[in-house]
Ligand code: ADP
Ligand code: MG
Ligand code: MG
Ligand code: MG
């Protein structure tokens, strides 16, 4: 996660003195990147995923599943192995990279080299993911498993939830009542960041997730697992003084959020203009994909009434002071800040004519001096032409649904956009399906000049709806009525069943089919009748997930219909089409409700467990059985036809083979 420079980060009181320095030079460094690279163009499609794992230790004797705090050891064990490994040339899988993450029980893996636009590369995504999982698995102990699970159900619950055990009373950096210091990656960045977020805010972070009330859950619910009278940190007795709300699951540390796993995708664009277009187009897709991949209904030993991690992470790094949060009049601070530094995107950034100023309808505080510097493009320090550390420092501590990644200096890498809202899925079949769906959608967006703009305040509203229990089934989302541009520029329709009819001349899909997903699309001129000026409120409506993905009929083919239309431009073999169709079918069935989201499945697993007392509690035993089930599902040993297609055969199949270098 982000920049891991050598050196010692400063405590907040010290760091604060340098904040303006970092901002000043961060801006200079950005301007320098801009100067050198704004005209860079012609970069081919390259893209990649990031998958995060939790390492779970299964103790069959005590029926306890614990988080194994083994990140350092595993990375050490993986390093010499990945150094030695060579890939079987037939499989074309480069040696993957493993990264540390915030939680000391977490790992992140990325492909050894990014995927390209080749269709063969697209079809290698799943085996690449499976191969990485297998590699991780091979370096664990016999009773340890790597799971791709968004939130660990008993993190911070009473009893033993880490291996080895540590008492939460030692949590100096977070001052948490629930999670020990040792759940945090020991690299000095992480405890310092944890402590500095608390110090900057002026109190511990406070996350309150609504509890899922079951038949026997007491009302009001005053959480008996909160040590209300234990004064671990006399200067910080917050649970007692109102930080913990009744009827909620209270969490008080960065680890609850940053200790979650997710699935991220990064795409390289042809140039900065296309990157800005892509960034904007994917902003409204963020909450839709969050709801469709929802996978985290269990928190600190309880069932929550939400299905996703988002608000937990946002709250877990919310370092705004009371003044900045609007609870007190501004005195020490300059600005009211509407959101946490981890939240949905604040601003559309494309200069395309489609991006009307009305879409940026959220009030945004900004520093006029910095804005001026950016506009005037002031001359820059010499050092800032060789380093980007200060810029990366700012960039890597702002976590939004999309991240705009400028090219690193002196590298072959171009302008990139990262899609960050999705929850990680339990199987790599699902992870690959969503990755493939999004990369195809990204091509559809550019090649058909699709317009997904809705006011950004509506995207925020969708973010909040996306996290509600069963949102994919029960909630409607704001979505643009006419996604074609110029508006209704199509004369033929596509049905989501896959029968795409040829499109009319105003699109520029290539006439001959290609074996490659491309970058660098021709620019579309503004419509002849002038720039769009319809009232923005008439441009969107509320649609169900099924309608958004599978379409509303002729006038909107759904995101899948658009993807299928794009697919008609690719030259694919029959077995390749079958594989892609299997991914698209998963997306389709999630959206139409014939397959459950992981969140729904997980909640139902707990509620139908024989030991469940219908009191909202996820006991140690239920958690153990759930973790075993998750592992068995991934390996294809346990069949779950309400969650996965019946022909899912498990992660052991279809994996890249390895050969050792002699
Ligand atoms: P971060 O944690 O900062 O988001 P990572 O290094 O963990 O970054 O992941 C970067 C992702 O981008 C990986 O999936 C990698 O394969 C992919 N990637 C690498 N090079 C490129 C490139 N030139 N264009 C697009 N994606 C790339
Ligand atoms: Mg990560
Ligand atoms: Mg990463
Ligand atoms: Mg990332």
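Values in this text are rule-based calculations from the coordinates and carry no lab data. Remember, predicted model here, so these are calculated numbers, not experimental data. For neighbour counting, all protein chains shown are included, and Cβ atoms are generated from backbone atoms with ideal geometry for every residue, glycine included.
Determine the distance separating the Cα centre of segment 153-186 from the Cα centre of segment 420-450; give it in Å without decimals.
Centre-to-centre distance over Cα atoms comes out at 35 Å.
Over all directions, the average projected area of the alpha-carbon convex hull for segment 547-658 comes to how many nm²?
Working: hull surface 41.0 nm².
Convex hull of Cα atoms, orientation-averaged projection: 10.3 nm².
Put a dot 7 Å past each Cα toward the Cβ at residue 531 and residue 516; how far apart are the dots in nm?
That separation, rounded to one decimal, is 3.6 nm.
Going by C-beta contacts inside 10 Å, put 516, 16 in order with the fewest on the left. Could you put the intermediate results ahead of the total?
Details: 516 16, 16 13.
Lowest to highest Cβ neighbour count: 16, 516.
So for the pair residue 371, residue 386, with labels modelled 7 Å out along Cα→Cβ, what separation do we get in nm?
It is 3.5 nm.
Compute and list, largest first, the equivalent-ellipsoid semi-axes of segment 430-477 from the alpha carbon gyration tensor, each √(5λ) rounded to a whole angstrom.
Details: eigenvalues 105, 62, 12 Å².
Each semi-axis is the square root of five times an eigenvalue, giving 23, 18, 8 Å.
Using mean Cβ contacts within 10 Å as the protection proxy, how do 533-546, 445-458 order, highest first? Numbers along the way, then the final one.
Values: 533-546: 14.9, 445-458: 21.9.
Packing order, densest peptide first, comes out as 445-458, 533-546.
If you wrap a convex hull around the alpha carbons of segment 35-176, what volume per residue comes out, as a whole number of Å³? Numbers along the way, then the final one.
Values: hull volume 24.6 nm³, N = 142.
Dividing the Cα hull volume of segment 35-176 by its residues yields 173 Å³.
With 10 angstrom as the radius, rank 560, 567 by how many other C-beta atoms surround their C-beta, starting from the fewest.
On the way: 560 25, 567 19.
By the 10 Å Cβ count, ascending: 567, 560.
With a point put 7 Å past each Cα toward its Cβ, work out how far residue 351 is from residue 142 in nm, to one decimal.
About 6.4 nm separates the two model spin labels.
Whole-Å semi-axes of segment 539-604's equivalent ellipsoid, largest first, each the root of 5 times a Cα gyration tensor eigenvalue? Present the calculation step by step, with values, prior to reporting the outcome.
Numbers: eigenvalues 110, 77, 9 Å².
The three semi-axes for segment 539-604 are 23, 20, 7 Å.
Please work out the Kirkwood hydrodynamic radius for segment 115-192, using every pair of different C-alpha atoms, and report it in angstroms with one decimal place.
On the way: mean 1/r = 0.0638 Å⁻¹.
By the Kirkwood definition, the hydrodynamic radius is 15.7 Å.
Order of 640-649, 123-132 by packing, highest average Cβ count within 10 Å first? Provide the component values of the computation, followed by the final result.
Values: 640-649: 14.7, 123-132: 23.7.
Ranked from most to least packed, the peptides come out as 123-132, 640-649.
In the chain, what % of DSSP beta bridges are antiparallel (nearest 5)? Spell out each step's value before the answer.
On the way: 52 of 57 bridges.
Counting only bridges with both partners in the chain, antiparallel ones make up about 90 percent.
Hey, could you grab the Kirkwood Rh for the chain? Inverse mean 1/r over distinct alpha carbon pairs, Å, one decimal.
On the way: mean 1/r = 0.0387 Å⁻¹.
Taking every pair of different Cα atoms in the chain, averaging 1/r and inverting gives 25.8 Å.
Report the Rg/Rh value for segment 316-358, based on alpha-carbon coordinates and the Kirkwood definition of Rh.
Details: Rg = 14.4 Å, Rh = 12.5 Å.
Over the Cα atoms of segment 316-358, Rg/Rh equals 1.15.
Shape of segment 95-225 from its Cα gyration tensor (a ≥ b ≥ c, root eigenvalues): rounded if a/c is under 1.5, otherwise prolate when a/b > b/c, or oblate? Display every interim value, and only then the final one.
Working: a/c = 2.05, a/b = 1.67, b/c = 1.23.
Here segment 95-225 falls in the prolate category.
What translational diffusion coefficient, to the nearest whole µm²/s, does segment 150-282 have by Stokes-Einstein, given a Kirkwood radius computed over alpha-carbon pairs, a temperature of 4 °C and 1.567 mPa s viscosity? Please report the intermediate quantities before stating the final value.
On the way: Rh = 17.1 Å.
Rounded to a whole number, D works out at 76 µm²/s.
Per residue and in Å³, how big is the convex hull formed by the alpha-carbon atoms of segment 112-155? Please list the in-between numbers first.
On the way: hull volume 4.5 nm³, N = 44.
Convex hull of Cα atoms, per residue: 102 Å³.
What list do you get for 612, 166, 105 if you sort them by fewest beta carbons within 10 Å? All intermediate terms of the calculation are to be shown ahead of the outcome.
On the way: 612 19, 166 16, 105 28.
Ordered from fewest to most neighbouring Cβ atoms within 10 Å, 612, 166, 105 come out as 166, 612, 105.
At 20 °C and 1.002 mPa s, what whole-number value in µm²/s does Stokes-Einstein give for the translational diffusion of segment 1-75, with Rh from the Kirkwood sum over Cα pairs? Before the final figure, lay out each step's value.
Working: Rh = 18.0 Å.
Answer, rounded: 119 µm²/s.
Once Rh is set to the Kirkwood radius over Cα pairs, what Stokes-Einstein translational diffusion coefficient, in µm²/s, holds for segment 284-426 at a temperature of 4 °C and a viscosity of 1.567 mPa s?
On the way: Rh = 18.3 Å.
After rounding, the answer is 71 µm²/s.
Classify segment 34-82 from the C-alpha gyration tensor, please: rounded if a/c falls under 1.5, else prolate or oblate depending on whether a/b exceeds b/c.
On the way: a/c = 3.96, a/b = 2.98, b/c = 1.33.
Verdict is prolate for segment 34-82.
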